[in-house]
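The values are calculated or read from the model by the stated rules, or taken from the named source; none is laboratory data. Values in this document were obtained by computation on a predicted structure and should not be read as measured data. Glycine gets a Cβ as well: all are built from the backbone with ideal geometry, and neighbour counts include every protein chain shown.
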Amino acid sequence: QDQEFGADLWFPLPAPLCLLTLLLPPLSSAAPISPAKPISQAYSLALYMQKNTSTLLQTYLQYQGSPFSDPGFSAPELQLSSLPSAAVSFKIWHALEDAERLSRAQGAFLALTQHLQLVGDDQTDLNPDSPILLAQLRAARLRAQGLLGNMAAIMTALGLPIPPEEDTLGLVRFGASAFERKCRGYVVTREYGHWTDRAVRDLALLKAK
Amino acid sequence: MDIYFCLRQPLEMVDSKRMKTSSNFQWLLSSFILLCLMNQVNSQKKGAPHDLKCITNNLKVWDCSWKAPSGRDTLYEVCIENRFNSCYRSEKTNTKIPALLPGDHEISINPIHNHSSISKFILNEENISLIPDTPEILNLTADFSTSALHIKWNDKGSAFPHHSNVTWQIEILRKKKMEIVTLMTHNTTLNGKDTLHHWSWTSDMPLECVTHYVRMRCYIDDLHFSGHKEWSDWSPVKNISWSPDYQPKVFPEDKVVLVGSDVTVCCVIQEKVILAQFGKEKCSLIHLDGENVAIKIYNISVSPTSGTNVVFTTDTNLVGTVIFAGYPPDIPQKLNCETRDLKEIICTWNPGRPTGLLGPHNTSYTLFESFSGKNVTFKRAEDPADISYQLFFQMIPNWEIYNFTLNARNPLGQSESTILVNITKRAVYPHTPTSFKVKDTNSTAVSLSWYLQGNFAKMHLLCQVEITKSNSVQELRNVTVKGVEDSSYFVVVGKLSPYTNYTFRIRCSTETFWKWSSWTIEKQHLTTEAIPSKGPDTWREWSSDGKNLIIYWKPLPINEANGRILSYNVSCSSDEETQSLSEIPDRQHKAEIQLDKNDYIISVVAKNSVGSSPPSKIASMEIPNEDDLKIEQAVGMGNGIFLSWNYDPNMTCDYVIKWCNSSRPGPCLMDWKKVPSNSTEAVIESDQFRPGVRYNFFLYGCRNQGYQLLRSIMGYIEELAPIVAPNFTVEDTSADSILVKWEDIPVEELRGFLRGYLFYFGKGERGTSKMRGLGPETGHSDIKVKNITDISQKTLKIADLQGKTSYRLVLRAYTDGGIGPEKSMYVVTKENSVGLIIAILIPVAVAVIVGVVTSILCYRKREWIKETFYPDIPNPENCKALQFQKSVCEGNSALTLEMNPCTPNNVEVLETRTVVPKIEDTEIVSPVAEHPEDSSEAEPENHVVVSYCPPIIEEEIPNPVADEAGGTSQVIYIDVQSMYQPQAKPEEQENDPVGGSGYKPQMHLPVSSPVEDGTAEDDLDDTAGYRPQANVSTWHLVSPDSPRSTDSNSEVVSFGSPCSINSRQFLLPPKDEDSPKSTGGGWSFTNFFQNKPND
């Protein structure tokens, strides 16, 4: 899987290596590091993720059967209370402090990684014979974790406190029906796309500063 | 008493049922009358109890009630008037009495405070109604997951004295409107005790979506009770409902259903549902209580992997559920259990039809061994693409027979398959042997070793060795070895050929064969060398000069060489000396030794690294043959030649056939072949044999290592047609014959045994196409063929030819292989001179003889001829030749012969003229003598052919009209008068011969008119060529030989006839003067003898 992932990456470094470096917490937190590099890295990764989000969503829907797989399916009314929505008014977003903006994105991707894990497990039950879907979900989760690491590096560089890693999912309904699982998978993959889009904007703004 | 009757009535009615049908009408009539009477009585006695009715609910007590006048508190005494005479008091209008025995009982009801009337009734069990107590549902529960309702109630059977059948009716109702869903019956038996009953019902509609109500009633069918039996009242209704969350929900959740079944899906919701979808299909809504809706899906088809979604859409929400439609597991197919190492049993199977269910609904398999009670469960592989359905079961020590049951289960059902195996006897499929090695033992044996995993300690292994020789000959050998546990095995494989490349591989099974293991990988092995088993095949020839003996031998075949031949040793030994040549390298297969003509024994030995072969021996000298050998001929079969000979007991060693190409120089040895001494035939085959080449074969017989020539054969493998034609020359030519000689064709070009020549000859010249193709196939009829089968003949004489004629000669040779090409030659025969001379002389001689004879005859008969044809007086009357015409001309004139039209005018003209000639006639003696020039001059004009038509000449009509015909009429004049012209103007003619040719008769004829003269002059030129007087010769051209005769048939008829009007001749020809003129003309017999007298 890692090889496949690595092949997709357009930046020169092999992906597993990159991800490892991103995941590792900065060892020398005392020494102030220039935030430009981690911002740039995070921005690159976010851009790359952005290219794959619609594919992930389409692949996901394709395997869930009608009406999910019907062309043009959209159900904005479906939401997950455990997953913050990426939708925000531009004014509010723009007025946010860097730290706050970063913190929200960081929280969202933390939730997304956990949710993507849950969706991956759900789909292992529902679509055990669809390795493509399962691989894409796994890859999305790894990328989300990678971005999370990058954001931590930025926050460290900026001297911001890193919010503690918390259990966003809480008590998962293990007895959720298949339909509920399909729906929550849809919401997660959809929000993953939205949050990636927002992260690109966040990082672009940060980069510009 | 009235009541008695009333009560009695129905009893009678019951009885009357047994009556015959014919009395029914009578009975009805009487009952009607009785009823009327009864009403009358009742109306008279209104104060008395009436209408007694009794029911029972337990068959022990009867509850009787009656009607009485209301408004008064009365105490009633009810007495059963039987032998016990028991009475009961009641303040109400009903009372309970113990059940009475079957039969009529008189009941009296006596209102105590009202003595007015005592009512008496006849009571019978048959009039009692059995109405059971209303049942009560003790407990109604629901299993929402399965949509099942469970009902529990008590039958209160202890109340009944004896066993009875009870039928329960259970009614299910739905929705607040209490719509009946179903009504079902349930039969039980009362057994004298209170019994709790359970009953379940599964709803098609999920119970969560709508409230379900249940009620029941019963009917006791007691066989001992003869009265009415009625249904009890309905029990109080019980309901079941689901308390919904705030969240909308869809039911059933994740339901697994069988393909083809019907499913109802419902939605508990507070909003209005606008759309329901099953997969891609829109469904019609069934409205339940509130906003709850349901849909019904019929004949569901198999779902995709993640199930089929059912989605309800509202304005603001999307809810749904997933249905998994599939099949129960198929019976596991091809269940097979075997062991590879006698430690673990592997059971494999084929799952059969796919269930269409995956993930948590996938089929689970359990393998259960019934003797040991152990089981193992199938664990699905991580990768769903690589599913091999197999389970491993650890073998139990010393346990041979296993009874396996494989159970397949999924939410829709289960199935199983069983197998009983004797694992050591019928189920050992060993692993593929490993570490397979081959080692040399000796030149004909090797040892094989391999390792086989498995516990075979208590059995024997049967292994199969496949031995493949280098030339791809395969051999299988079975070996049995004693089994051990996880160990190596050794076997020795013998009977191999030395120095041979072998390929070995091995596979094993147990002695009680079930399955071979897979073959091991192949191992190649070359066996070690051994000494050559035989000496080389040897032959010898003396060199051309006879001084050296050349010894030939053939390389040993690989199976006799037993190794790589390094060298050969050759030795020649006689009684006196021994010569030897040693270490002749392998490449060389002949040796030359200078020997005298003594008898030597030559021995040849082949050597390899192990040792030398036994020697091959051959005597240097041939055994002389007593008989003279005849060279035989033989023809082969295309690829070889067959030779056979008679058995000769003297030949003890073998026979040798050697052969060579007869046309090659040097010692005759191309190859040889040895045949055992007991054979009498051999087929000689060689790649070197070519068709059309002559080979010499020599058959030798062997005796004490010496060879004797027995037969000499000349042969072809296949005969072909000669490649060239024989050269031939013409030795001699005469006028009628040709002698041809030819040469032999060389053997190389003959390409077969010569069988003969074909000689073709026919007329023909060089370059003419007629003779191009010669031969039997061309089929020219004028071409002659000679088949010369005597091949010793070298000349051929062709006779009966024509002289001075060109002939084409062709010669071809032929063999049994066909006819060779042709060689041709053109020959012209000589001229035949004698024949030519004879051909000229004979006609000349004949002509002379005929001439002489004719002359003699004419001379002798000249007087008669003259008398006949030319009498002295030319009187036509005397003319014998003209006598026959007399009668014809008599009518018109005695002098002319006329044919119709014959005009008297003509006669007149001629008559006048006849006078003149008569005078002149005598004067003309011999015009030939007098006018030789004339005649000669006239001669060329004599040939002019004048043709004219015989017009009717109207001379008397001097009309210019006649001018038109003048041309022709004048001709007549000219024609007639010209005869006299010479007489009239002989001088003129002489002087002016030219004018003689263009004569003017009009000048001399008195009858001619001036007009005619003019016309005659005008026409002079036209008639210039006409000289009838000069054409005297034509007068007598009576003969058909005359050239005139060919002009026309009409003229032939009239020609020469004196009467003919067409005739240009004079009717009376001049006697003498004209004849000489005619002599100057062409050939004529008349002239011939007429001239004669003159001569």
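Every residue, every condition in (1) buried (at least 20 other Cβ atoms within 10 Å of the Cβ); (2) small (Gly, Ala, Ser); (3) over 19 Å from B:GLN793 (Cβ atoms), yes or no:
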site	(1), (2), (3)
B:GLY701	yes, yes, yes
B:LEU720	no, no, yes
B:ASP732	no, no, no
B:ILE738	yes, no, no
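Scan segment A:129-167 for residues that are within 14 Å of chain B (Cβ to nearest Cβ) and crowded, with 22+ Cβ neighbours inside 10 Å and the total you get is 2. Of all residue pairs spaced 6 or more apart or on separate chains, none has beta-carbon atoms under 9 Å together with a first member in segment B:283-294 that is in the same structural domain as B:VAL210 (by the TED database) and a second member that is part of a loop (DSSP other than H, G, I, E, B).
Let's see how each residue does on (1) surrounded by 13 or more Cβ atoms within 10 Å (Cβ to Cβ); (2) within 23 Å of B:SER301 (Cβ to Cβ); (3) not small (Gly, Ala, Ser):
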residue	(1), (2), (3)
B:PRO354	yes, yes, yes
B:THR363	yes, yes, yes
B:LEU367	yes, no, yes
B:GLY373	no, no, no
B:LYS379	no, no, yes
B:GLN390	yes, no, yes
B:ILE396	yes, no, yes
B:ILE401	no, no, yes
B:THR418	yes, no, yes
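For the criterion of being out of contact with any helix residue (DSSP H, G or I) (no Cβ under 7 Å at 6 or more places or on another chain) and in contact (Cβ under 8 Å) with a residue 24 or more places away in the chain, A:TYR60 fails.
Restricting attention to segment B:185-234, report how many residues are in a strand (DSSP E or B) and among the small types (Gly, Ala, Ser). I'd like the intermediate steps shown before the answer.
Here is the first cut: in segment B:185-234, the residues in a strand (DSSP E or B) are B:185-190, B:196-202, B:212-221, B:228-229.
Adding the requirement that they be among the small types (Gly, Ala, Ser) leaves B:200.
The number of residues fulfilling the criteria is 1.
For segment B:646-678, give me each residue that is among the small types (Gly, Ala, Ser) and touching a residue at least 60 places away in the same chain (Cβ under 8 Å).
Answer for segment B:646-678, where residues must be among the small types (Gly, Ala, Ser) and touching a residue at least 60 places away in the same chain (Cβ under 8 Å): B:SER662, B:SER663, B:GLY666.
Of all the listed residues (B:SER609, B:SER662, B:SER574), the sole one being more than 30 Å from B:ARG755 (Cβ to Cβ) and at pLDDT below 90 is B:SER574.
Quick check: anything in segment B:798-807 touching a Gly at 6+ places or on another chain (Cβ under 8 Å), small (Gly, Ala, Ser) and under 30 Å from B:ILE717 (Cβ atoms)? Taking every residue of segment B:798-807 in turn, none turns out to be touching a Gly at 6+ places or on another chain (Cβ under 8 Å), small (Gly, Ala, Ser) and under 30 Å from B:ILE717 (Cβ atoms).
So that you can scan it fast, the table gives a plain yes or no per residue for (1) touching a residue at least 60 places away in the same chain (Cβ under 8 Å); (2) within 48 Å of the chain's Cα centre (by Cα):
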site	(1), (2)
B:THR680	no, no
B:VAL683	no, yes
B:GLN688	no, yes
B:GLN705	yes, no
B:LEU709	yes, no
B:ILE713	yes, no
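The single condition from (1) more than 12 Å from chain B (Cβ to nearest Cβ); (2) out of contact with any His (no Cβ under 9 Å at 6 or more places or on another chain); (3) not in a helix (DSSP H, G or I) that A:GLY175 fails is (1).
(1) touching a Ser or Thr at 6+ places or on another chain (Cβ under 8 Å); (2) acidic (Asp, Glu); (3) more than 20 Å from B:GLN705 (Cβ to Cβ): which one isn't true of B:ASP599, the others all being true? Of (1) touching a Ser or Thr at 6+ places or on another chain (Cβ under 8 Å); (2) acidic (Asp, Glu); (3) more than 20 Å from B:GLN705 (Cβ to Cβ), only one is false for B:ASP599: (3). Within segment B:271-308, the set of residues being under 17 Å from B:GLY260 (Cα atoms), of a type in the set (D, E, K, R) and within 13 Å of another protein chain (Cβ to nearest Cβ) comprises B:GLU281 only. Go through segment B:539-580 and give me each residue that's small (Gly, Ala, Ser) and in a helix (DSSP H, G or I). Across segment B:539-580, the qualifying residue is only B:ALA561. Among the conditions (1) free of Cβ contacts under 8 Å to residues at least 60 places away in the same chain; (2) outside the structural domain of B:ASN787 (by the TED database); (3) assigned to a loop (DSSP other than H, G, I, E, B), B:ASP744 misses just one, which is (2). In the set B:HIS228, B:HIS186, B:HIS212, B:HIS197, only one residue is in contact with a strand residue (DSSP E or B) (Cβ under 6 Å, 6 or more places away or on another chain), without any contact (Cβ under 8 Å) to a residue 24 or more places away in the chain and not assigned by the TED database to the domain that holds B:ILE269; that residue is B:HIS186. Residues that are within 30 Å of B:GLU344 (Cβ to Cβ) and not in a strand (DSSP E or B) within segment B:450-501 comprise B:PHE456, B:ALA457, B:LYS458, B:MET459, B:GLY483, B:VAL484, listed in sequence order.
A count restricted to segment B:783-823 and to residues that are in contact (Cβ under 8 Å) with a residue 40 or more places away in the chain, of a type outside the set (Lys, Arg) and not in a loop (DSSP other than H, G, I, E, B) stands at 16. The single residue among A:ALA105, A:ALA87, A:ALA111, A:ALA95 that is in contact (Cβ under 8 Å) with a residue 24 or more places away in the chain, surrounded by fewer than 16 Cβ atoms within 10 Å (Cβ to Cβ) and away from chain B (no Cβ under 13 Å) turns out to be A:ALA87.
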